[in-house]
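Heads up, the thing below is written out as structure tokens.
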Amino acid sequence: MQISERDRILSGLCKAMEEVGEFQKGHWRAQGPGWGNEKSSKELVSFVDVESERRLAEVLLDLVPGSGFYGEETRKERKDLTWVVDPIDGTTNYLSGLDWFCVSVALYEGEKPLLSAILRPVAGEWFWAARGAGAYHRLGERPRDFPGPASPLALPRAQACPLQAALVDTGTPYRSPDTREAFYKAMDEVLTASRDIRRLGSAALDLALVAGGWIQAFWEVDLQPYDVGAALLLLEETGCEVSTIDGKPYSPFSSRSLVTGLPGAMAELRAIVARHYAGLRV
């Protein structure tokens, strides 16, 4: 992809995400607790999710003619170039009035992310990346280009950190009853072996924090492509290894488990969870 074309797509993408974020903020905390619909057990959706995805699809498919669209709420169509979109990653947080939710968008070529962006609307916090051009973070003004590794906006390359000094993030296995026992046994050991554990509720943002070095390790089972699609490129561009629990290369469209983190912490975390999940299809 030519630099001019890449920057054109990023600019249009982020403008659309910003507008969708404003729409989401207009409905955030506007209703009482417990609103929204349950599409399956503990999987929530609202008209805000659906309308946000519709608005994004309208812009993104025009930005890259002939592209596919793989979203959480509407179509799941893959082509040579495909938009992987979560209109609100962290819907449960959004519906509860918590501000840890985001708009997550990535453009994929096959299973390879080419560029991506994540917006936390309430804070105006952006993460973005392009293959081979680095990963970046800023508050406030939306991204328009990829300023290079010397920029103060660039996320640094991952630095080694032992698990003992690591803050570990995860997600509870509400989609995965067969892994529940393994999860809680692993969590007990990880809690002892690490600095502490968090469960924040938006995998896209959680993984962006790993890429930034602010969370040092992460694991979860049964994440969906739209949960991780944008953040995977941030991790790749900052040098964070990503694998399944049993150490295989991670694919957003076919892998069941994900482990990542800074060098040192990631390997130690994977060794612990692999023992507890042994015998399960992860």
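The values are calculated or read from the model by the stated rules, or taken from the named source; none is laboratory data. From a predicted model like this one, the values you see are computed outputs, not experimental measurements. Positions of Cβ are generated from backbone atoms using ideal geometry, with glycine treated the same way; all protein chains shown enter the neighbour counts.
A few comments on the model shown:
- Filter pass, Asp145 being more than 29 Å from Pro249 (Cβ to Cβ) and within 17 Å of the chain's Cα centre (by Cα): no
- Number of the exception - Ser202 against (1) under 20 Å from the mean Cα position of the chain (by Cα); (2) modelled with pLDDT of 95 or more; (3) more than 25 Å from Gly97 (Cβ to Cβ); (4) among the hydroxyl-bearing types (Ser, Thr, Tyr): (3)
- For the stretch 1-30, the set of residues classified as loosely packed, with under 13 Cβ neighbours inside 10 Å and in a loop (DSSP other than H, G, I, E, B) consists of Gln2, Ala30, listed by residue number.
- Count - residues of the stretch 134-144 that are surrounded by 18 or more Cβ atoms within 10 Å (Cβ to Cβ) and part of a loop (DSSP other than H, G, I, E, B): 2
- The stretch 145-161 residues that are assigned to a loop (DSSP other than H, G, I, E, B), paired with ones that are of a type in the set (D, E, K, R) and surrounded by 15 or more Cβ atoms within 10 Å (Cβ to Cβ) (beta carbon under 7 Å, 6 or more apart): Asp145/Asp7; Leu153/Arg138
- Scanning the stretch 259-268 for residues that are outside any helix (DSSP H, G or I) and buried (at least 19 other Cβ atoms within 10 Å of the Cβ) yields Val259, Thr260, Gly261, Leu262, Gly264.
- Residue in the stretch 100-113 that is nearest to His137 (Cα to Cα), counting only those that are surrounded by fewer than 19 Cβ atoms within 10 Å (Cβ to Cβ) and touching a residue at least 40 places away in the same chain (Cβ under 8 Å): Trp100
- Within the stretch 219-241, residues that are on the phi < 0 side of the Ramachandran plot reach partners that are of a type in the set (Lys, Arg) and surrounded by fewer than 24 Cβ atoms within 10 Å (Cβ to Cβ) with beta carbons closer than 7 Å, at six or more positions or on different chains, in the pairs Val221/Arg256; Leu233/Arg131; Thr238/Arg157.
- Only residues that are among the small types (Gly, Ala, Ser) and either at pLDDT below 95 or assigned to a loop (DSSP other than H, G, I, E, B) (or both) were counted across the stretch 52-70, and they come to 2.
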